[in-house]
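Novice: Encoded as structure tokens, here's the structure I'll be asking about.
The values are calculated or read from the model by the stated rules, or taken from the named source; none is laboratory data. In this text, all values refer to a predicted model and were calculated from it rather than measured experimentally. Note that each Cβ is placed from the backbone with ideal geometry, even for glycine, and that neighbours are counted across all protein chains shown.
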Amino acid sequence: MASEEGALNIVLVGSGGAGCNTVNRLAHLGARGIRLVALNTDKKHLNTLSKNVERVLIGPTLTKGLGAGGDPKIGEKAALASRKSIDPFIRDADLVFLTAGMGGGTGTGSAPVVAQMARDHGALVIGMVSFPFALERVRVKKAREGTARLAECCDCLVVIQNDKLYEWVPNMQIEKAFALADEVVAKAVSGISRTILEPSLMNLDFADLKTLTEGGGLGMIALGDASGYARCEDIVPNVLENPLMDVDYSQASGALMHLTGGPDFNLGDANLVGERLTQRLGDDCNVVWGSRIDPAFEKRLEAFVIFMGIPSPLLLDPSADMKKE
């Protein structure tokens, strides 16, 4: 856990191919103060990752390094068989971000195992996962079951629906769209971590984050940016009209907000944007936020909000498919 000097140990763990891609994305964006770990049953894919990513081949005797074949049970068995190899990377963590793609084999099966291990060590666990397109029938069923299991093992689980991503950027090439999903998660992890670890315009306190997310259940993320003179006004609809999960966030129990602006972005601007971004939330909603100044954001503003404690979404309802018929 945290050292005597108060330094926080933050780890990002990617499980499976999609999770490893997200970790790799953050490695290229820069991840100061975050330990990057990739877990996979696919040895070939692990070998393609950045040298800044620590890698663990899980279940090598089970899959021979060839992957889980889309079977979550194999992914789960691989993680269970490799607990001794995974443990050193998470045993001293205070905050574990866990990312994976739901619907496949390794990520869907191994992520709940890793999340439970981290929680057993006392870490705060925030999962950030992608959910397959509706047309991927078999993968959707696996994703529903895997997401439900993972939600039970995380303090908060943020879900990004690929269908919503497609609505956001319908004309983007599919590979670039998936890369954008990786970037969304990478920026969220980086933004939260940097406001905890580094001095900023408005720092996010780890204790507040822990209070907000513990038992927070399911969460969704909305993000956007704006530039120019009216950026503080323009960014609000840009964010709220880009939710990456199709749920009603007005009943959220909590919200985590992060803003990044240039040298001309001040505390008054941050407060104005924050009030407008959270105006639809109830009076009992717990809101924490952080705000950073980045010289590269001259006359530009970027924001994301993670709404937590979303009540009873269809995403985790096993009968959702039947209701649609």
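Novice: Could you grab me the full set of residues in segment 114-123 that are within 17 Å of the chain's Cα centre (by Cα) and buried (at least 22 other Cβ atoms within 10 Å of the Cβ)?
Specialist: V114, A115, A118, A123
Novice: Moving on. Based on what the data block shows, is G228 more than 30 Å from E136 (Cα to Cα) and assigned by TED's automatic domain parsing to the domain that holds L277?
Specialist: Yes: the conditions hold for G228.
Novice: Another question, then. Which condition does K210 not pass, out of (1) buried (at least 17 other Cβ atoms within 10 Å of the Cβ); (2) in contact (Cβ under 8 Å) with a residue 60 or more places away in the chain, if it passes all the others?
Specialist: The failed condition is (1).
Novice: Just to verify a result, which residue in segment 214-270, among those that are surrounded by 23 or more Cβ atoms within 10 Å (Cβ to Cβ) and part of a loop (DSSP other than H, G, I, E, B), is modelled with the highest pLDDT?
Specialist: F265
Novice: Let me ask you something else. Does any residue in segment 51-72 that is under 28 Å from A31 (Cβ atoms) and not assigned by TED's automatic domain parsing to the domain that holds T147 come within less than 6 Å, Cβ to Cβ, of a residue that is among the aromatic types (F, W, Y) and at pLDDT below 95 six or more places away or on a different chain, and which pairs are these?
Specialist: Matching pairs, first to second residue: none at all.
Novice: If you check V23, V37, which single one turns out to be in the same structural domain as A188 (by TED's automatic domain parsing) and touching a Phe, Trp or Tyr at 6+ places or on another chain (Cβ under 8 Å)?
Specialist: Every option except V37 fails the conditions.
Novice: In segment 162-212, what residues are acidic (D, E) and at pLDDT 85 or above?
Specialist: D205, D208
Novice: Let me ask you something else. Among the numbered criteria (1) more than 19 Å from V11 (Cβ to Cβ); (2) within 13 Å of the chain's Cα centre (by Cα); (3) at pLDDT 95 or above, which single criterion is violated by T108?
Specialist: Of (1) more than 19 Å from V11 (Cβ to Cβ); (2) within 13 Å of the chain's Cα centre (by Cα); (3) at pLDDT 95 or above, only one is false for T108: (2).
Novice: Look at A186 and say whether it is in a helix (DSSP H, G or I) and closer than 23 Å to A115 by Cβ.
Specialist: yes
Novice: Restricting to segment 160-184, what's the tally of residues that are in contact with a strand residue (DSSP E or B) (Cβ under 9 Å, 6 or more places away or on another chain) and more than 17 Å from I221 (Cβ to Cβ)?
Specialist: 0
Novice: Quick one: how many residues across segment 87-105 are more than 13 Å from the chain's Cα centre (by Cα) and touching a residue at least 24 places away in the same chain (Cβ under 8 Å)?
Specialist: Result for segment 87-105: 10.
Novice: Let me ask something else about it. Scan segment 279-311 residue by residue and report those that are polar (S, T, N, Q) and either at pLDDT below 90 or farther than 29 Å from L29 by Cα (or both).
Specialist: Result: Q279, N286.
Novice: Quick one: in segment 283-297, which of the residues that are buried (at least 17 other Cβ atoms within 10 Å of the Cβ) and free of Cβ contacts under 8 Å to residues at least 40 places away in the same chain is nearest to L209 (Cα to Cα)?
Specialist: The selected residue is V287.
Novice: Of all the residues that make up segment 21-80, how many are crowded, with 17+ Cβ neighbours inside 10 Å, basic (K, R) and in a helix (DSSP H, G or I)?
Specialist: The qualifying residues number 2.
Novice: Do we find that D163 is surrounded by fewer than 24 Cβ atoms within 10 Å (Cβ to Cβ), assigned to a helix (DSSP H, G or I), more than 15 Å from the chain's Cα centre (by Cα) and in the same structural domain as P60 (by TED's automatic domain parsing) in this structure?
Specialist: Yes, satisfied.
Novice: Another question about this same structure. Regarding segment 146-155, can at least one residue be identified that is within 16 Å of the chain's Cα centre (by Cα), part of a helix (DSSP H, G or I) and polar (S, T, N, Q)?
Specialist: Yes, that holds for at least one residue.
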